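Report on one structure; see the data block that follows.
The values are calculated or read from the model by the stated rules, or taken from the named source; none is laboratory data. Since the model is a prediction, treat every value here as computed from it, not as a measurement. Virtual Cβ from ideal backbone geometry, glycine too; neighbours counted across all protein chains shown. Protein only, heavy atoms only, side chains kept; ligands, DNA and RNA dropped before computing areas. Shrake-Rupley method; radii C 1.70, N 1.55, O 1.52, S 1.80 Å.
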Amino acid sequence: MKILVTGGLGFIGSHTVVELQQEGFEVIIVDNLSNSSIDVLQGIQSITGKEPIFENIDLRNKVEVQAFFKKHTDLSNVIHFAASKAVGESVEKPLDYYENNISSLVYLLQELQNKPEANFIFSSSCTVYGQAEKMPIDENSPIQPAVSPYGNTKQMGEEIITDTAKVTNMSAILLRYFNPVGAHSSNAIGELPLGVPQNLVPFITQTGIGLRKELSVYGADYDTADGTCIRDYIHVVDLAKAHVVALKRLIDKKNKDKVEVFNLGSGVGSSVLEVIQAFEKVSDQKLAYKIVDRREGDITRAYANTDKANKVLGWKTELSLEDAMASAWKWEQKIRK
Ligand code: NAD
Ligand code: WQD
């Protein structure tokens, strides 16, 4: 069965393509290489022995999207990763984010709306919950007003998909990721952040390798055990596997509603200092860091209640934070060589 994976050369997309191929799916990747490298194709092939079909298409280009679907008339299963994802940049350039994350989504859905049957999996984010009152966060936790245009594109994306599913033959699963980290155990694919990483784990590994002088820990005066913020770090391979399970659920028509929502996290909350400790343990070196002021927009804590994904999808994480840090460190060492 053929699956379209948009953004399939990116961090989460590439790991998902590997899992899909290993489960026997035929994958077609669409990516415009705006935040990824063509070399990732080689990395995927070295793991699975199969090079996925790749088309360099910018999903903001409606004409190209239409032409692509004319060529591949049998495509009705889509996993949609392609989006811009830098929260800070989205505040600076809101229209770029609305254009890329919303128009691409709309053009894809327009191609699926008249199919006799279509399945759509969407990369949403725990950011839709904002600072939830109750921990761990379950799927019924209220959606909070978005604090960034990026976050808003995820909320709007969920609504656009839900409205579309109501009036078409499309079913969808919205996956709300917590903090994806780590790299594939083969060390053939991993995260490739452009420029100075905004996210904690790539900043840690780049500091460990000597590319950055020290990590700034954004605040140690939060109301947590060690004063630093708590997040739910999920290994990207565990996350990738959840996409295969979700896709099969739709293909096998096991979904209970036209649109279902699942949290994808490890269920464990880890503080910034705990992540640093995990890195120090697996790399057997001390990390240079200093405590600085809080970063604007950061919430104190967010970790997932994963009961629904565990019970309904029959999926659970298998890898730990240490596994993730060890793989991220191995990957960093490889790409800096
Ligand atoms: P990524 O940037 O590594 O991957 C996204 C891919 O999409 C890139 O390869 C990029 O080149 C491509 N792309 C972007 N715009 C495109 C366009 N207009 N046309 C074609 N291709 C385009 O990001 P990721 O970390 O793999 O994230 C994947 C998805 O998961 C995104 O939707 C992101 O918002 C969401 N998400 C990510 C995180 C995270 O922390 N990484 C957390 C929650 C949700
Ligand atoms: C994690 C923790 C920082 C960098 C972001 C998006 C969210 C989602 C995941 C897409 C926080 C601290 C970080 C640094 C630090 N993405 N930190 N020094 O903010 O939880 O979530 O990525 O949907 O929408 O907002 O992830 O990795 O940036 O930060 O101390 O140099 O590490 O304060 O507590 P975050 P992050």
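In the range 149-169, is there at least one residue being open to solvent by less than 10 Å² (accessible area, probe 1.4 Å), of a type in the set (S, T, N, Q) and under 30 Å from I335 (Cβ atoms)?
yes
Filter the range 219-228 for residues that are open to solvent by less than 30 Å² (accessible area, probe 1.4 Å) and in contact with a Leu (Cβ under 9 Å, 6 or more places away or on another chain) and give the result.
Keep residues of the range 219-228 that are open to solvent by less than 30 Å² (accessible area, probe 1.4 Å), which gives 219, 222, 224, 227-228.
Passing the criteria: G227, T228.
How do the strands (runs of 3 or more DSSP E) wholly within the range 136-245 filter down when requiring 2 or more residues that are touching a strand residue (DSSP E or B) at 6+ places or on another chain (Cβ under 9 Å) and more than 16 Å from ligand 1 (Cβ to nearest atom): which remain? So that I can check it myself, show each step before the final result.
Values: elements: 170-177, 179-181, 215-218, 233-235.
Strands (runs of 3 or more DSSP E) meeting the threshold: 170-177, 215-218.
Do any strands (runs of 3 or more DSSP E) entirely within the range 1-114 hold 2 or more residues that are within 28 Å of A146 (Cβ to Cβ) and within 9 Å of ligand 1 (Cβ to nearest atom), and if so, which?
Working: elements: 2-6, 26-31, 53-56, 77-80.
Qualifying strands (runs of 3 or more DSSP E): 26-31.
Which is open to solvent by less than 60 Å² (accessible area, probe 1.4 Å), out of contact with any Ser or Thr (no Cβ under 6 Å at 6 or more places or on another chain) and charged (D, E, K, R), of D238, D284, D298, D307? Give the derivation first.
Details: D238 fails: out of contact with any Ser or Thr (no Cβ under 6 Å at 6 or more places or on another chain); D284 fails: open to solvent by less than 60 Å² (accessible area, probe 1.4 Å); D307 fails: open to solvent by less than 60 Å² (accessible area, probe 1.4 Å).
Within the list D238, D284, D298, D307, the selection yields D298.
Conditions tested, residue by residue: (1) within 16 Å of ligand 2 (Cβ to nearest atom); (2) more than 14 Å from the chain's Cα centre (by Cα); (3) of a type in the set (G, A, S).
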{"site": "A83", "(1), (2), (3)": "yes, no, yes"}
{"site": "P94", "(1), (2), (3)": "yes, yes, no"}
{"site": "E99", "(1), (2), (3)": "no, yes, no"}
{"site": "I102", "(1), (2), (3)": "yes, yes, no"}
{"site": "Y107", "(1), (2), (3)": "no, yes, no"}
{"site": "L112", "(1), (2), (3)": "no, yes, no"}
{"site": "A118", "(1), (2), (3)": "no, yes, yes"}
{"site": "S124", "(1), (2), (3)": "yes, no, yes"}
{"site": "A132", "(1), (2), (3)": "yes, yes, yes"}
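Name the pairs: first residue in the range 185-209 and at pLDDT 95 or above and more than 15 Å from ligand 2 (Cβ to nearest atom), second residue among the small types (G, A, S) and open to solvent by 60 Å² or more (accessible area, probe 1.4 Å), Cβ to Cβ under 9 Å, at least 6 apart or on different chains?
S186/S46; A188/S46; I189/S46
Just for the range 255-279: of the residues that are of a type in the set (D, E) and open to solvent by 30 Å² or more (accessible area, probe 1.4 Å), which one is farthest from ligand 1 (Cβ to nearest atom)?
Here is the first cut: in the range 255-279, the ones of a type in the set (D, E) are 257, 260, 274.
Next cut, open to solvent by 30 Å² or more (accessible area, probe 1.4 Å) only: 257, 274.
Values: D257: 22, E274: 18 Å.
It comes out as D257.
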